[in-house]
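Asker: Quick one: this structure, given as C-alpha cells, is what I'll be asking you about.
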Amino acid sequence: MIVKSEAIVLRTMKYRETSRIATLYTKEIGKISVIAKGARDGRSRLGGALQPMNQVGVLFYMKESRDLQLLTQCDIARSFPGLTTDLDRMAAAMAAVELTDAVTPPEEANHRLFDLLSSTLDAVNGATKQPGNALYYFELHLLGIIGFRPDMRICANCRKAVDRPPGGIGVHMTANGILCPECSGKGLGLEVLSPSALAVLQRLQETGDPASATRMVLDPRVRGEIAGVLRRFLLGHVEGLRTLRSEAVFSSIL
Ligand SMILES: [Zn+2]
C-alpha cells in the first residue's frame, strides 16, 4: 500500500554508507520507522528534508509485516527555521518531539496529537518572549490527549470546583491534579502549588493556542514550579518515561 501523509520527523540515524533510518510521526498512520535509501548522498532529494523537527509531506510503501517502511518521497511541508536559533527554542522543541516519541505506540494515528505537536513547534519557532512556555502548554494538553487530563479547576478527589486558592496560600496536589481545601485537610496531597502557578496552569489549559503561551512572561520561580508539576504528572502516567535526552543535554549547557 502506498501511503501519503504529513509527518513530523522525530529522530534519524545513519544507516550503512548512504542511507538514513528515521522515526516519523505521521498524521495518517501514527509513528512509523522508515528507511530512506541514498538519503545521505548529496544529490538525494530525500535527505534534505528528512531532519529532526521538520514537518514534511511523505510518500512511503507500507507493508504490515515489515518494521521498516520504504520512504520514496519527502518534502518540507512547514518549515521552522527558528527552532535552531537559540538554546531555549531548541530545548523546548526537542523535548516536545521526544515526549511525542515516548508516549506513542507504533502505528496508531492521533490527529489531535499531530496537531498539538505541529502547533507547538510553530509557536516555539515564532515566539518573541518565552518560547519555553509552549512546552508547558504541550505537556498539559498532551496529558489530556493520553487520558490523564488534570483539571486545574476541579478537585481530583471529590470533583468539587476549586476556583481560587483559599487565602492565597496555594493548593495541595496529588498525582492526578489539585485538591479542594477539605480534601487537602484529609492529608491526600503533600506538594503545594502556588496561586500564581495555578493561575498560569488554568490559563494554559483554557487557551487553545500554544502561541499565546509564549507571549506570557513568567518569572523563573513560577516557571520552575510549573515545569516540575507537569513533569511529575507525566512521569506518573507514562510508563518508562525518565529523564529526556534533550533535557540532559541542555541542563549541562545552560
Ligand atoms: Zn475535594
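Asker: With springs connecting C-alpha atoms under 10 Å apart, model the chain as a Gaussian network and identify which of ILE169, ILE145, ILE21 has the largest mean-square fluctuation.
Answerer: With Cα springs under 10 Å in the chain, the top fluctuation among ILE169, ILE145, ILE21 is at ILE169.
Asker: A follow-up question, please. Taking only the alpha carbons of segment 167-254, what extent do you get along each of the three principal axes, in Å, biggest first?
Answerer: Extents along the principal axes, in whole Å: 42, 32, 24.
Asker: Now a separate question. For the chain, calculate the relative contact order in percent as a whole number, restricting contacts to Cα pairs under 8 Å that are 6 or more residues apart.
Answerer: Working: 475 pairs, mean separation 39.2, N = 254.
Contact order relative to length: 15 percent.
Asker: If the limit is 26 Å between Cα atoms, which of LYS14/LYS63; LYS160/LYS186; LYS37/LYS63; LYS27/LYS129 go over it? All intermediate terms of the calculation are to be shown ahead of the outcome.
Answerer: On the way: LYS14/LYS63 22 Å; LYS160/LYS186 15 Å; LYS37/LYS63 17 Å; LYS27/LYS129 30 Å.
Where the Cα-Cα span goes over 26 Å, the pairs concerned are LYS27/LYS129.
Asker: Are there trypsin sites (Lys or Arg not before Pro) in segment 1-98 that DSSP marks as loop and that have at most 14 other Cβ atoms within 10 Å, and which are they? Show your work: numbers first, answer last.
Answerer: Numbers: sites: LYS4, ARG11, LYS14, ARG16, ARG20, LYS27, LYS31, LYS37, ARG40, ARG43, ARG45, LYS63, ARG66, ARG78, ARG89; in loops: ARG16, LYS27, LYS37, ARG40, ARG43, LYS63, ARG66.
Of the trypsin sites (Lys or Arg not before Pro), the ones in loops of segment 1-98 whose Cβ has at most 14 other Cβ atoms within 10 Å are ARG16, ARG43, LYS63, ARG66.
Asker: For segment 199-241, what are the per-bin percents of Cα-Cα distances with bins 10 Å wide, up to the bin holding the maximum?
Answerer: Each 10 Å bin holds this share of Cα pairs: 24, 48, 26, 1.
Asker: Looking at the chain from every direction and averaging, what is the projected area of its Cα convex hull in nm²?
Answerer: Working: hull surface 59.0 nm².
Computed as one quarter of the Cα hull surface, the answer is 14.8 nm².
Asker: Sort ILE154, ILE178 so the one with the fewest other Cβ atoms within 10 Å of its own Cβ comes first. All intermediate terms of the calculation are to be shown ahead of the outcome.
Answerer: Values: ILE154 16, ILE178 27.
Arranged by neighbour count, lowest to highest, ILE154, ILE178 become ILE154, ILE178.
Asker: Using Cβ counts within 10 Å as a stand-in for footprinting exposure, how do HIS111, HIS141, HIS172 rank, fewest first? It would help to have the intermediate numbers written out before the result.
Answerer: Working: HIS111 10, HIS141 20, HIS172 25.
So the residues, fewest neighbours to most, are HIS111, HIS141, HIS172.
Asker: Sort MET94, MET53 so the one with the fewest other Cβ atoms within 10 Å of its own Cβ comes first.
Answerer: Ranked by crowding around the Cβ, least crowded first: MET53, MET94.
Asker: May I pose another question? For LEU46, what charge total do you get from the other residues with a beta carbon under 11 Å from its beta carbon, if Lys and Arg give +1 and Asp and Glu give -1?
Answerer: On the way: positive: ARG20, LYS37, ARG40, ARG43, ARG45; negative: ASP41, ASP75.
It works out to a net charge of +3.
Asker: Put +1 on the Cβ of each Lys and Arg and -1 on the Cβ of each Asp and Glu in the chain; which of LEU201, VAL162, VAL58 then has its Cα farthest toward the positive end of the dipole?
Answerer: Value: VAL58.
Asker: As a check on your grasp of the helix formula, calculate [θ] at 222 nm for the chain: sum -39500 (n - 2.57) over DSSP H runs of n ≥ 4, divide by the residue count, round to the nearest 500.
Answerer: Details: 9 runs with 100 residues, N = 254.
One gets -12000 deg cm²/dmol as the mean residue ellipticity at 222 nm.
Asker: What is the Cα radius of gyration of segment 1-123 over 2.2 N^0.38 Å, N being its residue count? Write down the numbers at each step before the final one.
Answerer: Numbers: Rg = 13.6 Å, N = 123, 2.2 N^0.38 = 13.7 Å.
Dividing the Cα radius of gyration by 2.2 N^0.38 Å gives 0.99.
Values quoted throughout were computed directly from the atomic coordinates according to the rules given, and no laboratory measurement underlies them. All values reported here derive from a predicted model rather than from experimental measurement. Quick reminder, even Gly has a Cβ in these numbers, built from the backbone with ideal geometry, and neighbours come from all protein chains shown.
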